[in-house]
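Have a look at the structure below before the remarks.
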Amino acid sequence: MEKIKMTTPLVEMDGDEMTRILWQMIKDELLLPFLELNTEYYDLGLEHRNETDDQVTFDSAEATKKYGVAVKCATITPNAARMGEYSLKEMWKSPNGTIRAILDGTVFRAPIVVKGIEPCVKNWKKPITIARHAYGDVYKATEMKIPAAGKAELVYTAADGTETRELIHAFDGPGIIQGMHNLNKSIESFARSCFTYALDTKQTLWFATKDTISKKYDHTFKDIFQEIFDKEYKERFDAAGIEYFYTLIDDAVARVMKSEGGYIWACKNYDGDVMSDMISSAFGSLAMMTSVLVSPDGYFEYEAAHGTVQRHYYKHLKGEETSTNSVATIFAWTGALRKRGELDQNAALSEFANRLEKACIKTIEDGRMTKDLALITTIQNPTVLSSEGFIKAVRATLEEML
Ligand code: NAD
């Protein structure tokens, strides 16, 4: 069989620990036998980040701007323990944070839905994608403990020195305050990323805030979304047969529970942080969650939502067998390959990505899976496979399908 050609390279960002091991297995078993894989390789493994003073992370993000599509392996975000373990020169920042800052995107997370791994919410039939605004609010807040009676105010000093003040509270005893911000520019990017992704995936978009209580802060989010939608996207949404739907966050939560899924739920930073964990656990497993960073300029970076699965890596180093789920990492590859195929009008490449996804799903639905899924499946007597065993089983299914 002739291998599928790729005209434009994918930006490949390699990573750490168990996911780095899976990365190579996926390439060897599921990609290289079928594709003339064309990637520009960046090693974001912690050792190489340390050697290059993290320059490689910046270079990989710039390459994503050049080519438009990247696929990323999970990477270690160093903490004190990692400083010693890898003899680091510095506590390098999270690569995801660095890449997000350069591409200025929104992260979309969607569960991979498989028969036999049933969501806790019985009526959820289709995936629910969470779009989380990744800038500002409580994540960039300034806080203060108020020790005793006194007055706290918000003060804005304009460039010409004029001050505007609002009373926060006149304290008559100890308490706490918090000041947070966001930027119209960032909210606009968030809105455009959401509308673009909704069109791209032909799914209705929901957005919710608490604008009845937060009449300026949250209301600004609501207004910016509505303005951009009416001006730039409404016609295209109509043509695609999808909707933009705004409601209050409490109404959204109630409706989500009763829905059958199949839409994108755009969330402010904190709501997205909390709700994406609820969605992933309710759909079954963190290892079945995909993640894509979509920039308002139309760059896409695909990855698994989980980390480097450190505990399995240490087992692997001791020579013990592991049963690590590679599905989300495979779907990071297929997401990126399909997007590359779309952009390059390479139908064979997109079709290959679709087949590989179907092969993963069929393998699990036929009862062959890794341990994390075997523990929660409704399929009777599943076959528990090792990390490598599962990838080989997917290859066998794929070959049957081809
Ligand atoms: P983790 O996602 O690696 O693991 C969390 C839990 O989920 C563990 O119990 C693990 O066994 C289980 N799990 C996760 N993925 C699995 C899979 N594919 N198959 C089977 N079980 C799976 O998160 P962590 O333990 O908090 O972090 C480990 C490392 O990953 C840290 O160094 C952290 O900085 C990094 N991390 C990276 C990313 C990223 O690159 N996007 C995200 C999160 C964490």
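Of the residues making up segment 377-402, those that are within 16 Å of the ligand (Cβ to nearest atom), touching a Gly at 6+ places or on another chain (Cβ under 6 Å) and open to solvent by 70 Å² or more (accessible area, probe 1.4 Å) number 0.
Scanning segment 320-341 for residues that are open to solvent by less than 20 Å² (accessible area, probe 1.4 Å), more than 8 Å from the ligand (Cβ to nearest atom) and not in a helix (DSSP H, G or I) gives a single hit, Thr322.
Among what's in segment 281-319 and is assigned to a loop (DSSP other than H, G, I, E, B), within 11 Å of the ligand (Cβ to nearest atom) and modelled with pLDDT of 95 or more, pick the residue that is surrounded by the most Cβ atoms within 10 Å (Cβ to Cβ). Checking each candidate, the answer is Val309. Considering only residues in segment 1-41 that are closer than 18 Å to Glu351 by Cα and of a type in the set (Lys, Arg), the one that is farthest from the ligand (Cβ to nearest atom) turns out to be Lys5. Considering segment 83-124, the residues that are among the basic types (Lys, Arg) and under 24 Å from the mean Cα position of the chain (by Cα) include one that is farthest from Leu46 (Cα to Cα), namely Lys115. Among the residues of segment 14-33, those that are within 20 Å of the chain's Cα centre (by Cα) and part of a loop (DSSP other than H, G, I, E, B) comprise Gly15, Asp16.
The listed residues are Lys89, Lys65, Lys93, Lys115, and the only one of them that is within 14 Å of the ligand (Cβ to nearest atom) and open to solvent by 10 Å² or more (accessible area, probe 1.4 Å) turns out to be Lys93.
The values are calculated or read from the model by the stated rules, or taken from the named source; none is laboratory data. The structure displayed is predicted, hence computed values, not measured ones. Heads up, the Cβs are rebuilt from the backbone with ideal geometry, glycines too, and the neighbour counts pull from every protein chain shown. Areas reflect the complete protein model, heavy atoms only, side chains present, ligands, DNA and RNA absent. Shrake-Rupley method; radii C 1.70, N 1.55, O 1.52, S 1.80 Å.
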